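What follows draws every value from the coordinates through simple rules; no lab data is involved. None of these values were measured; they are calculated from a predicted model. In this analysis, Cβ positions are derived from the backbone assuming ideal geometry, glycine residues included, and neighbour counts consider all displayed protein chains.
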Amino acid sequence: MPIYSTEDNLKIVQQAITDLVQGKRKVRVEYTNPQGGRTAMQYTEVSLSELRGLERQMISDLQAAPLMESVDVEVLF
């Protein structure tokens, strides 16, 4: 599933970075059911460097110069 570079997605990535740094992101959940059975689920882990890289890429994508502003054109008649 692609992650598009939008202002909203950039905010989500930045919030994920904040949550990770503050220790709020859970990647493993364990619980005991009423019958005493224990269950653990492991979610995909993400590192701070991966999130920072995604953040940098999104910022770069969002600050890209429009194509027509980056091309010099001379028209001769």
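How high is the relative contact order of the range 7-63, given as a whole-number percent (alpha carbon pairs under 8 Å, six or more residues apart)?
Details: 37 pairs, mean separation 21.6, N = 57.
Normalised by residue count, the contact order of the range 7-63 is 38 percent.
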Revision key, fill the gap. Fewest to most Cβ atoms within 10 Å: GLU74, GLU30 sort as GLU74, GLU30
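Residue separation times 0.36 nm, minus the C-alpha to C-alpha distance between ARG52 and ASP19: what's the value? Each step should come with its number before you reach the end.
Working: separation 33, 0.36 × 33 = 11.88 nm, distance 1.28 nm.
Fully extending the segment from ARG52 to ASP19 adds 10.6 nm.
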